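The values are calculated or read from the model by the stated rules, or taken from the named source; none is laboratory data. Given the structure is predicted, the values throughout are model-derived calculations rather than measurements. Positions of Cβ are backbone-derived with ideal geometry, glycine not excepted, and every protein chain shown enters the neighbour counts. Note: areas computed on protein heavy atoms with side chains; ligands, DNA, RNA excluded. Shrake-Rupley method; radii C 1.70, N 1.55, O 1.52, S 1.80 Å.
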Amino acid sequence: MRHLIWRKKPGDGFCQNGRMTHLANLRRLGLFDARVPRYTSYPPATAFTVQTGADFQAACIKALDPATPVSVYIHIPFCERLCWFCACRTQGTTTLKPVDNYLRVVKDELALLRATLPSGVRMGQMHWGGGTPTILPPDMIRALAQAVKDVIPPADDFSFSVEIDPTLVDDAKIAALAEMGMTRASIGIQDFATDVQKAIGRAQSFAATKTCVDSLRAAGITSLNADLVYGLPFQTPEKLARTIAKVRALDPDRIALFGYAHVPTFSKRQKLIPDAALPGEEERYALARQAAHAFVGSGYQAIGIDHFGKPGDSLTQAANAGHLRRNFQGYTDDTCPTLIGIGASSISQFAQGYVQNASATAAYIERIAAGTLAGHRGYEMNADDRLRAEAINMLMCDFEIDLDKLRNHPNADSLAPVHAEILETFADYVVPTDKGLLITDAGRPLTRIIAQRYDGFSGIAAQYSQAS
Ligand SMILES: C[S@@+](CC[C@H](N)C(=O)[O-])C[C@H]1O[C@@H](n2cnc3c(N)ncnc32)[C@H](O)[C@@H]1O
Ligand code: SF4
(Lines give C-alpha, C1' and ligand atoms only; values in the text may rest on other atoms or scores of the structure.)
(Ligands and ions follow the chains in the order given, each with its own letter.)
Protein backbone atom coordinates (compact mmCIF):
# COMPACT_ATOMS: atom_id res chain seq x y z
CA MET A 1 0.00 0.00 0.00
CA ARG A 2 1.30 3.44 -0.83
CA HIS A 3 1.17 5.81 2.10
CA LEU A 4 0.67 9.42 1.23
CA ILE A 5 2.65 11.86 3.25
CA TRP A 6 2.36 15.52 2.45
CA ARG A 7 5.61 16.93 1.25
CA LYS A 8 6.80 20.35 0.09
CA LYS A 9 8.67 20.27 -3.19
CA PRO A 10 12.47 19.95 -2.96
CA GLY A 11 14.48 23.08 -3.64
CA ASP A 12 12.83 25.35 -1.10
CA GLY A 13 14.83 27.66 1.07
CA PHE A 14 18.58 27.67 0.88
CA CYS A 15 19.06 24.90 -1.62
CA GLN A 16 17.92 26.71 -4.73
CA ASN A 17 19.38 25.99 -8.16
CA GLY A 18 21.94 23.60 -6.72
CA ARG A 19 24.03 26.55 -5.51
CA MET A 20 24.60 25.17 -2.07
CA THR A 21 27.10 22.36 -1.85
CA HIS A 22 26.23 19.06 -0.19
CA LEU A 23 28.48 19.85 2.76
CA ALA A 24 27.05 23.32 3.28
CA ASN A 25 23.59 21.79 3.15
CA LEU A 26 24.50 19.23 5.80
CA ARG A 27 25.93 22.07 7.87
CA ARG A 28 22.71 24.05 7.52
CA LEU A 29 20.78 21.05 8.80
CA GLY A 30 22.93 20.90 11.92
CA LEU A 31 25.48 18.19 11.16
CA PHE A 32 28.37 20.05 12.79
CA ASP A 33 26.51 21.92 15.53
CA ALA A 34 23.80 19.58 16.77
CA ARG A 35 24.46 17.62 19.94
CA VAL A 36 22.27 14.56 19.74
CA PRO A 37 21.90 11.24 21.56
CA ARG A 38 23.42 8.13 20.00
CA TYR A 39 20.01 6.47 20.50
CA THR A 40 21.36 3.29 21.97
CA SER A 41 18.08 3.51 23.89
CA TYR A 42 14.88 5.50 23.70
CA PRO A 43 14.28 7.37 25.87
CA PRO A 44 18.00 8.20 26.22
CA ALA A 45 19.53 7.57 29.64
CA THR A 46 19.41 11.33 30.34
CA ALA A 47 15.65 10.95 30.76
CA PHE A 48 16.00 8.33 33.52
CA THR A 49 14.97 9.45 37.02
CA VAL A 50 15.51 8.16 40.54
CA GLN A 51 11.75 7.63 40.91
CA THR A 52 12.19 4.43 38.87
CA GLY A 53 14.71 2.18 40.62
CA ALA A 54 15.15 -1.15 42.39
CA ASP A 55 11.41 -1.78 43.02
CA PHE A 56 10.59 -1.39 39.34
CA GLN A 57 13.61 -3.54 38.44
CA ALA A 58 12.40 -6.32 40.76
CA ALA A 59 8.84 -6.15 39.39
CA CYS A 60 10.12 -6.40 35.79
CA ILE A 61 12.37 -9.36 36.61
CA LYS A 62 9.56 -11.19 38.46
CA ALA A 63 7.29 -10.73 35.44
CA LEU A 64 9.72 -12.36 32.97
CA ASP A 65 8.35 -15.19 30.88
CA PRO A 66 10.59 -18.28 31.39
CA ALA A 67 9.86 -19.36 27.81
CA THR A 68 11.74 -16.36 26.37
CA PRO A 69 15.53 -16.27 26.82
CA VAL A 70 17.14 -13.11 28.19
CA SER A 71 20.47 -11.42 27.41
CA VAL A 72 22.87 -10.57 30.20
CA TYR A 73 25.43 -7.76 30.29
CA ILE A 74 28.23 -7.77 32.88
CA HIS A 75 30.15 -4.51 33.40
CA ILE A 76 33.79 -4.71 34.51
CA PRO A 77 34.72 -1.11 35.37
CA PHE A 78 38.49 -1.58 35.63
CA CYS A 79 41.46 -0.99 33.32
CA GLU A 80 45.21 -1.22 33.80
CA ARG A 81 45.65 1.84 31.63
CA LEU A 82 43.35 4.83 31.42
CA CYS A 83 43.35 6.08 27.84
CA TRP A 84 42.80 9.83 27.71
CA PHE A 85 40.24 9.76 24.91
CA CYS A 86 38.01 7.18 26.58
CA ALA A 87 34.53 8.15 27.75
CA CYS A 88 33.72 4.71 29.20
CA ARG A 89 32.89 4.39 32.89
CA THR A 90 35.98 2.73 34.33
CA GLN A 91 38.73 3.13 36.91
CA GLY A 92 42.45 2.40 36.70
CA THR A 93 44.08 -0.20 38.90
CA THR A 94 47.47 -1.85 38.98
CA THR A 95 46.41 -4.61 41.37
CA LEU A 96 43.63 -7.19 41.28
CA LYS A 97 42.43 -6.40 44.81
CA PRO A 98 39.60 -3.99 43.83
CA VAL A 99 38.65 -6.29 40.95
CA ASP A 100 38.40 -9.26 43.29
CA ASN A 101 36.28 -7.24 45.77
CA TYR A 102 34.04 -6.10 42.94
CA LEU A 103 33.50 -9.65 41.68
CA ARG A 104 32.40 -10.71 45.16
CA VAL A 105 29.72 -8.01 45.01
CA VAL A 106 28.72 -9.07 41.49
CA LYS A 107 28.19 -12.58 42.86
CA ASP A 108 26.01 -11.09 45.62
CA GLU A 109 24.03 -9.24 42.95
CA LEU A 110 23.63 -12.52 41.06
CA ALA A 111 22.30 -14.14 44.26
CA LEU A 112 19.72 -11.33 44.56
CA LEU A 113 18.82 -11.89 40.92
CA ARG A 114 18.39 -15.62 41.54
CA ALA A 115 15.97 -14.85 44.39
CA THR A 116 13.91 -12.59 42.10
CA LEU A 117 14.01 -14.45 38.77
CA PRO A 118 11.19 -16.88 37.89
CA SER A 119 12.55 -20.41 37.61
CA GLY A 120 13.35 -21.69 34.14
CA VAL A 121 14.59 -18.42 32.58
CA ARG A 122 17.51 -19.10 30.19
CA MET A 123 20.31 -16.93 28.86
CA GLY A 124 20.43 -16.45 25.07
CA GLN A 125 23.40 -14.09 25.01
CA MET A 126 25.99 -12.88 27.49
CA HIS A 127 28.16 -9.84 26.91
CA TRP A 128 31.10 -8.66 29.02
CA GLY A 129 32.08 -5.03 28.60
CA GLY A 130 33.85 -2.31 30.42
CA GLY A 131 36.36 -1.07 31.10
CA THR A 132 38.44 -4.08 30.30
CA PRO A 133 36.98 -7.52 31.10
CA THR A 134 40.32 -9.10 30.15
CA ILE A 135 41.87 -7.55 33.26
CA LEU A 136 40.49 -10.73 34.94
CA PRO A 137 42.97 -13.59 35.25
CA PRO A 138 41.84 -17.02 33.95
CA ASP A 139 40.53 -18.28 37.31
CA MET A 140 38.37 -15.17 37.79
CA ILE A 141 37.10 -15.46 34.20
CA ARG A 142 35.97 -19.04 34.82
CA ALA A 143 34.45 -18.25 38.23
CA LEU A 144 32.47 -15.24 36.96
CA ALA A 145 31.14 -17.00 33.85
CA GLN A 146 30.15 -20.03 35.92
CA ALA A 147 28.44 -17.85 38.54
CA VAL A 148 26.26 -16.25 35.86
CA LYS A 149 25.45 -19.60 34.24
CA ASP A 150 24.52 -21.06 37.64
CA VAL A 151 21.85 -18.36 38.02
CA ILE A 152 20.66 -18.23 34.40
CA PRO A 153 21.54 -21.41 32.50
CA PRO A 154 22.50 -20.89 28.85
CA ALA A 155 19.90 -21.55 26.13
CA ASP A 156 20.76 -24.00 23.33
CA ASP A 157 22.04 -21.35 20.92
CA PHE A 158 23.88 -19.40 23.64
CA SER A 159 26.43 -16.84 22.45
CA PHE A 160 28.99 -14.98 24.54
CA SER A 161 30.88 -11.84 23.49
CA VAL A 162 33.72 -10.07 25.27
CA GLU A 163 35.40 -6.67 24.86
CA ILE A 164 39.14 -7.24 24.74
CA ASP A 165 42.08 -4.88 25.11
CA PRO A 166 44.76 -6.56 22.94
CA THR A 167 47.49 -5.28 25.29
CA LEU A 168 45.86 -6.86 28.33
CA VAL A 169 45.12 -10.41 27.26
CA ASP A 170 47.14 -13.58 26.78
CA ASP A 171 46.61 -17.15 25.59
CA ALA A 172 45.62 -18.38 29.05
CA LYS A 173 42.86 -15.74 29.37
CA ILE A 174 41.63 -16.43 25.84
CA ALA A 175 41.61 -20.17 26.58
CA ALA A 176 39.54 -19.55 29.74
CA LEU A 177 37.05 -17.39 27.83
CA ALA A 178 36.77 -19.96 25.05
CA GLU A 179 36.28 -22.73 27.61
CA MET A 180 33.40 -20.74 29.11
CA GLY A 181 31.73 -20.43 25.70
CA MET A 182 33.01 -17.17 24.16
CA THR A 183 31.76 -17.00 20.57
CA ARG A 184 32.56 -13.36 19.73
CA ALA A 185 35.33 -10.96 20.59
CA SER A 186 35.58 -7.22 20.16
CA ILE A 187 39.04 -5.71 20.20
CA GLY A 188 39.89 -2.05 20.74
CA ILE A 189 42.20 -0.57 18.12
CA GLN A 190 41.17 3.13 17.67
CA ASP A 191 44.18 4.10 15.47
CA PHE A 192 47.62 2.61 14.83
CA ALA A 193 49.44 5.93 14.15
CA THR A 194 52.08 6.44 16.83
CA ASP A 195 51.53 10.18 17.33
CA VAL A 196 47.75 9.73 17.49
CA GLN A 197 48.22 6.99 20.08
CA LYS A 198 50.55 9.24 22.07
CA ALA A 199 47.99 12.06 22.03
CA ILE A 200 45.21 9.77 23.30
CA GLY A 201 47.39 8.11 25.95
CA ARG A 202 47.13 4.65 24.44
CA ALA A 203 50.14 2.80 23.03
CA GLN A 204 49.29 -0.31 21.05
CA SER A 205 51.50 -1.91 18.41
CA PHE A 206 50.22 -3.66 15.32
CA ALA A 207 52.30 -6.70 16.33
CA ALA A 208 50.56 -7.02 19.74
CA THR A 209 47.17 -6.59 18.09
CA LYS A 210 47.97 -9.23 15.45
CA THR A 211 49.11 -11.67 18.14
CA CYS A 212 45.80 -11.17 19.95
CA VAL A 213 43.78 -11.66 16.74
CA ASP A 214 45.73 -14.82 15.86
CA SER A 215 45.20 -16.24 19.36
CA LEU A 216 41.47 -15.51 19.24
CA ARG A 217 41.15 -17.22 15.87
CA ALA A 218 43.23 -20.19 17.06
CA ALA A 219 40.82 -20.48 20.01
CA GLY A 220 37.93 -20.86 17.56
CA ILE A 221 36.50 -17.34 17.63
CA THR A 222 34.80 -16.91 14.27
CA SER A 223 33.25 -13.49 14.84
CA LEU A 224 35.77 -10.76 15.51
CA ASN A 225 34.94 -7.05 15.78
CA ALA A 226 37.47 -4.20 15.67
CA ASP A 227 36.75 -0.76 17.19
CA LEU A 228 38.18 2.25 15.35
CA VAL A 229 37.73 5.94 16.09
CA TYR A 230 37.86 8.86 13.65
CA GLY A 231 38.26 12.50 14.67
CA LEU A 232 41.17 11.75 17.04
CA PRO A 233 43.96 14.30 17.66
CA PHE A 234 46.55 14.54 14.89
CA GLN A 235 44.62 12.12 12.64
CA THR A 236 45.14 12.89 8.94
CA PRO A 237 43.90 11.14 5.77
CA GLU A 238 47.38 9.68 5.17
CA LYS A 239 47.69 8.24 8.67
CA LEU A 240 44.14 6.96 8.61
CA ALA A 241 44.83 5.21 5.27
CA ARG A 242 47.77 3.39 6.88
CA THR A 243 45.63 2.39 9.88
CA ILE A 244 42.90 1.12 7.56
CA ALA A 245 45.45 -0.97 5.61
CA LYS A 246 46.59 -2.57 8.88
CA VAL A 247 43.01 -3.21 9.98
CA ARG A 248 42.30 -4.88 6.64
CA ALA A 249 45.34 -7.10 7.18
CA LEU A 250 43.78 -8.26 10.46
CA ASP A 251 40.65 -9.17 8.48
CA PRO A 252 37.99 -8.55 11.20
CA ASP A 253 34.46 -9.80 10.52
CA ARG A 254 32.97 -6.51 11.73
CA ILE A 255 34.26 -3.01 12.22
CA ALA A 256 32.79 -0.33 14.46
CA LEU A 257 33.87 3.13 13.34
CA PHE A 258 33.00 5.61 16.08
CA GLY A 259 33.27 9.39 15.85
CA TYR A 260 35.47 10.63 18.69
CA ALA A 261 33.13 12.06 21.35
CA HIS A 262 35.08 14.90 22.98
CA VAL A 263 33.19 15.65 26.19
CA PRO A 264 35.88 16.82 28.68
CA THR A 265 33.33 18.17 31.15
CA PHE A 266 31.97 14.62 31.51
CA SER A 267 35.19 12.66 30.98
CA LYS A 268 37.90 14.61 32.80
CA ARG A 269 40.79 12.64 31.25
CA GLN A 270 39.94 14.18 27.90
CA LYS A 271 41.24 17.51 29.22
CA LEU A 272 44.70 16.06 28.46
CA ILE A 273 43.80 16.21 24.76
CA PRO A 274 44.38 19.72 23.38
CA ASP A 275 41.44 21.04 21.36
CA ALA A 276 43.89 22.43 18.81
CA ALA A 277 45.07 18.91 17.91
CA LEU A 278 41.57 17.77 16.94
CA PRO A 279 40.61 17.74 13.26
CA GLY A 280 38.21 20.51 12.21
CA GLU A 281 34.57 19.71 11.48
CA GLU A 282 34.99 19.20 7.76
CA GLU A 283 38.26 17.26 8.18
CA ARG A 284 36.52 15.00 10.66
CA TYR A 285 33.65 14.45 8.27
CA ALA A 286 36.13 13.65 5.47
CA LEU A 287 37.93 11.12 7.69
CA ALA A 288 34.65 9.31 8.36
CA ARG A 289 33.82 9.22 4.63
CA GLN A 290 37.34 8.04 3.76
CA ALA A 291 37.16 5.11 6.18
CA ALA A 292 33.63 4.17 5.09
CA HIS A 293 34.63 4.16 1.40
CA ALA A 294 37.73 2.10 2.15
CA PHE A 295 35.80 -0.57 4.04
CA VAL A 296 32.93 -0.75 1.56
CA GLY A 297 35.52 -0.86 -1.25
CA SER A 298 37.15 -3.87 0.33
CA GLY A 299 33.96 -5.92 0.58
CA TYR A 300 32.39 -4.85 3.86
CA GLN A 301 28.77 -3.79 3.95
CA ALA A 302 27.85 -0.57 5.74
CA ILE A 303 25.51 -1.36 8.64
CA GLY A 304 23.59 1.35 10.43
CA ILE A 305 25.38 4.62 11.08
CA ASP A 306 28.79 3.34 12.15
CA HIS A 307 29.32 -0.39 11.54
CA PHE A 308 30.69 -2.48 8.68
CA GLY A 309 30.33 -6.22 8.30
CA LYS A 310 31.50 -8.99 6.01
CA PRO A 311 28.64 -10.49 3.99
CA GLY A 312 28.59 -13.70 6.08
CA ASP A 313 28.69 -11.98 9.48
CA SER A 314 25.55 -12.34 11.59
CA LEU A 315 25.22 -8.55 12.02
CA THR A 316 25.24 -8.08 8.24
CA GLN A 317 22.70 -10.85 7.83
CA ALA A 318 20.48 -9.32 10.53
CA ALA A 319 20.66 -5.94 8.75
CA ASN A 320 19.72 -7.51 5.42
CA ALA A 321 16.84 -9.43 6.96
CA GLY A 322 15.51 -6.28 8.71
CA HIS A 323 16.31 -7.68 12.19
CA LEU A 324 19.02 -5.23 13.18
CA ARG A 325 18.45 -3.64 16.59
CA ARG A 326 20.10 -1.00 18.67
CA ASN A 327 20.94 -1.46 22.33
CA PHE A 328 23.50 -0.19 24.83
CA GLN A 329 26.30 -2.06 23.07
CA GLY A 330 25.46 -0.33 19.77
CA TYR A 331 24.12 -2.46 16.92
CA THR A 332 23.15 -6.04 17.66
CA ASP A 333 21.54 -9.07 16.08
CA ASP A 334 20.33 -10.04 19.56
CA THR A 335 16.64 -10.90 19.43
CA CYS A 336 16.15 -11.31 23.19
CA PRO A 337 13.59 -8.70 24.29
CA THR A 338 15.15 -8.43 27.77
CA LEU A 339 18.66 -7.35 28.72
CA ILE A 340 19.65 -7.81 32.36
CA GLY A 341 22.54 -5.53 33.31
CA ILE A 342 24.81 -6.67 36.14
CA GLY A 343 27.50 -4.54 37.80
CA ALA A 344 28.04 -0.84 38.46
CA SER A 345 26.28 1.48 35.98
CA SER A 346 24.83 -1.41 33.93
CA ILE A 347 21.49 -0.72 32.29
CA SER A 348 18.72 -3.32 32.14
CA GLN A 349 16.12 -3.19 29.40
CA PHE A 350 12.68 -4.68 29.95
CA ALA A 351 9.45 -4.56 27.96
CA GLN A 352 8.23 -2.16 30.67
CA GLY A 353 11.24 0.22 30.57
CA TYR A 354 14.84 0.72 31.67
CA VAL A 355 16.72 0.62 34.96
CA GLN A 356 20.35 1.63 35.49
CA ASN A 357 22.36 0.28 38.41
CA ALA A 358 24.10 2.79 40.68
CA SER A 359 26.94 4.20 38.58
CA ALA A 360 29.79 4.80 41.00
CA THR A 361 31.34 1.51 42.06
CA ALA A 362 31.18 2.48 45.76
CA ALA A 363 27.46 3.33 45.53
CA TYR A 364 26.79 0.07 43.68
CA ILE A 365 28.60 -1.94 46.37
CA GLU A 366 26.63 -0.13 49.08
CA ARG A 367 23.28 -0.97 47.51
CA ILE A 368 24.07 -4.65 47.08
CA ALA A 369 25.44 -4.80 50.65
CA ALA A 370 22.05 -3.45 51.82
CA GLY A 371 20.44 -6.50 50.22
CA THR A 372 18.51 -4.76 47.43
CA LEU A 373 18.92 -4.89 43.66
CA ALA A 374 21.23 -2.11 42.48
CA GLY A 375 18.74 -0.22 40.27
CA HIS A 376 19.13 3.47 41.00
CA ARG A 377 17.44 5.35 38.16
CA GLY A 378 15.29 4.36 35.24
CA TYR A 379 12.27 4.99 33.11
CA GLU A 380 8.88 3.29 32.77
CA MET A 381 7.71 3.34 29.15
CA ASN A 382 4.23 4.47 28.12
CA ALA A 383 2.46 3.92 24.78
CA ASP A 384 3.80 7.17 23.31
CA ASP A 385 7.39 6.22 24.25
CA ARG A 386 7.02 2.79 22.63
CA LEU A 387 5.83 4.31 19.37
CA ARG A 388 8.64 6.87 19.30
CA ALA A 389 11.19 4.21 20.28
CA GLU A 390 10.16 2.05 17.34
CA ALA A 391 10.31 4.96 14.88
CA ILE A 392 13.80 5.91 16.12
CA ASN A 393 14.99 2.30 15.99
CA MET A 394 13.73 2.00 12.38
CA LEU A 395 15.69 5.06 11.31
CA MET A 396 18.86 4.15 13.20
CA CYS A 397 18.87 0.57 11.87
CA ASP A 398 17.16 0.70 8.44
CA PHE A 399 17.15 4.43 7.59
CA GLU A 400 13.44 4.19 6.89
CA ILE A 401 10.07 4.56 8.51
CA ASP A 402 7.74 1.67 7.72
CA LEU A 403 4.26 2.99 8.40
CA ASP A 404 2.65 -0.46 8.25
CA LYS A 405 4.88 -1.66 11.08
CA LEU A 406 4.20 1.50 13.09
CA ARG A 407 0.47 0.83 12.72
CA ASN A 408 0.87 -1.98 15.28
CA HIS A 409 0.78 0.91 17.73
CA PRO A 410 -2.77 2.22 18.34
CA ASN A 411 -1.45 5.80 18.49
CA ALA A 412 0.59 5.61 15.24
CA ASP A 413 -1.24 8.55 13.66
CA SER A 414 0.07 10.90 16.33
CA LEU A 415 3.43 10.90 14.52
CA ALA A 416 1.96 12.02 11.16
CA PRO A 417 2.96 15.69 11.69
CA VAL A 418 6.52 14.55 12.51
CA HIS A 419 6.82 12.51 9.30
CA ALA A 420 5.58 15.51 7.31
CA GLU A 421 7.94 17.92 9.06
CA ILE A 422 10.91 15.62 8.37
CA LEU A 423 10.03 15.40 4.68
CA GLU A 424 9.84 19.18 4.52
CA THR A 425 12.93 20.07 6.54
CA PHE A 426 15.17 17.35 5.11
CA ALA A 427 13.67 17.51 1.60
CA ASP A 428 17.04 16.98 -0.11
CA TYR A 429 17.85 13.89 1.94
CA VAL A 430 14.59 12.13 2.84
CA VAL A 431 12.22 10.76 0.21
CA PRO A 432 8.66 9.42 0.48
CA THR A 433 8.39 5.73 -0.41
CA ASP A 434 5.68 3.10 -0.67
CA LYS A 435 6.47 2.12 2.90
CA GLY A 436 6.68 5.62 4.37
CA LEU A 437 9.94 7.55 4.16
CA LEU A 438 13.59 6.79 3.53
CA ILE A 439 16.84 8.61 4.28
CA THR A 440 18.89 8.65 1.08
CA ASP A 441 22.54 7.53 1.04
CA ALA A 442 23.62 11.18 0.91
CA GLY A 443 21.47 11.95 3.94
CA ARG A 444 22.77 9.15 6.17
CA PRO A 445 25.19 11.41 8.10
CA LEU A 446 22.04 13.24 9.32
CA THR A 447 20.38 10.09 10.68
CA ARG A 448 20.73 10.93 14.39
CA ILE A 449 19.51 14.48 13.74
CA ILE A 450 16.49 13.20 11.81
CA ALA A 451 15.77 10.55 14.47
CA GLN A 452 15.74 13.30 17.09
CA ARG A 453 12.56 14.68 15.46
CA TYR A 454 10.76 11.68 17.00
CA ASP A 455 12.37 12.22 20.41
CA GLY A 456 9.85 13.49 22.96
CA PHE A 457 12.73 14.35 25.34
CA SER A 458 14.86 16.35 22.92
CA GLY A 459 14.31 19.48 25.03
CA ILE A 460 16.27 18.00 27.95
CA ALA A 461 19.62 19.79 28.25
CA ALA A 462 22.29 17.11 28.12
CA GLN A 463 25.87 16.43 27.27
CA TYR A 464 25.42 14.62 24.00
CA SER A 465 28.12 14.05 21.43
CA GLN A 466 28.24 15.89 18.13
CA ALA A 467 26.19 14.45 15.30
CA SER A 468 29.00 14.14 12.72
C1 LIG B 1 35.14 -0.51 26.63
S2 LIG B 1 36.02 0.23 25.36
C3 LIG B 1 37.13 -0.96 24.66
C4 LIG B 1 37.57 -2.21 25.26
C5 LIG B 1 38.98 -2.28 25.78
N6 LIG B 1 39.00 -1.68 27.09
C7 LIG B 1 40.02 -1.63 24.90
O8 LIG B 1 40.47 -0.55 25.23
O9 LIG B 1 40.43 -2.21 23.91
C10 LIG B 1 34.84 0.30 24.09
C11 LIG B 1 35.09 1.23 22.91
O12 LIG B 1 34.45 2.48 23.08
C13 LIG B 1 35.02 3.39 22.16
N14 LIG B 1 35.18 4.70 22.82
C15 LIG B 1 35.60 4.94 24.08
N16 LIG B 1 35.65 6.27 24.30
C17 LIG B 1 35.24 6.88 23.16
C18 LIG B 1 35.04 8.24 22.78
N19 LIG B 1 35.33 9.24 23.61
N20 LIG B 1 34.58 8.50 21.55
C21 LIG B 1 34.30 7.48 20.69
N22 LIG B 1 34.47 6.18 20.99
C23 LIG B 1 34.92 5.88 22.21
C24 LIG B 1 36.37 2.84 21.74
O25 LIG B 1 36.37 2.53 20.38
C26 LIG B 1 36.53 1.60 22.60
O27 LIG B 1 37.21 0.57 21.93
S1 SF4 C 1 39.75 2.44 25.87
FE2 SF4 C 1 39.61 0.51 27.00
S3 SF4 C 1 41.57 0.38 28.14
FE4 SF4 C 1 41.37 2.48 27.48
S5 SF4 C 1 40.40 3.50 29.25
FE6 SF4 C 1 38.75 2.93 27.82
S7 SF4 C 1 38.04 0.99 28.54
FE8 SF4 C 1 40.06 1.33 29.51
Once 348, 205 are ranked on solvent-accessible area with the largest value leading and a 1.4 Å probe, the list reads 205, 348
Checked against the positive end of the charge dipole of the chain (+1 on Cβ of Lys and Arg, -1 on Cβ of Asp and Glu, about the Cα centre), the farthest of 357, 218, 126 is 357
Taking 387-393, 284-290 and ranking on average Cβ neighbours within 10 Å, highest first, one gets 387-393, 284-290
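Mind checking the full-extension length gain between residue 179 and residue 24? Use 0.36 nm per residue of separation minus the Cα-Cα distance, one decimal, nm.
Contour length minus the Cα-Cα distance gives 50.5 nm.
Working with all protein chains in place, sort 307, 293, 262, 323 by solvent-accessible area computed with a 1.4 Å probe, largest first.
Highest to lowest solvent-accessible surface, that is 293, 323, 262, 307.
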Between residue 157 and residue 380, the two model label points (7 Å from Cα along the beta-carbon direction) sit apart by a distance in nm of 3.4
Working note, the chain: Cα radius of gyration (Å, one decimal) and Dmax (Å, whole number) are 22.1, 67
Under a 1.4 Å probe, counting only protein heavy atoms, residue 48 has an accessible area in Å², nearest 10, of 10
Given the candidates 70, 183, 266, the one whose Cα lies deepest towards the positive end of the charge dipole of segment 47-342, counting +1 at each Lys or Arg C-beta and -1 at each Asp or Glu C-beta, is 266
With a Förster distance of 45 angstrom and the Cβ-Cβ distance between residue 119 and residue 211, calculated FRET efficiency to the nearest 0.05 equals 0.55
Non-local residues with an amide H under 5 Å from the amide H of residue 155, with H modelled 1.01 Å from N and Pro and chain starts lacking one, are 123, 124
If every Lys and Arg gets +1 and every Asp and Glu gets -1 at its Cβ, then about the Cα centre the chain yields a dipole, in debye to the nearest 20, of 640
Semi-axes a, b, c in Å (a largest) for segment 313-468, each sqrt of 5 times a Cα gyration tensor eigenvalue, come to 32, 17, 16
Expressed per residue, the solvent accessible area of segment 47-342 in Å² (1.4 Å probe) is about 40
If the chain between residue 433 and residue 271 were fully extended at 0.36 nm per residue, the gain over the current Cα-Cα distance would be 53.7 nm
Order by accessible surface, 1.4 Å probe, largest leading, for residues 128, 84 comes to 84, 128
Within the chain, the percent of DSSP beta bridges that are antiparallel, given to the nearest 5, stands at 45
Of every hundred units of 1.4 Å-probe accessible area on the chain, the number belonging to carbon and sulfur atoms, as a percent, is 54
Extension length gain for residue 63 and residue 93 (0.36 nm per residue less Cα distance), in nm, is 7.0 nm
Rounded to the nearest 10 Å², the 1.4 Å probe accessible area of residue 399 is 10
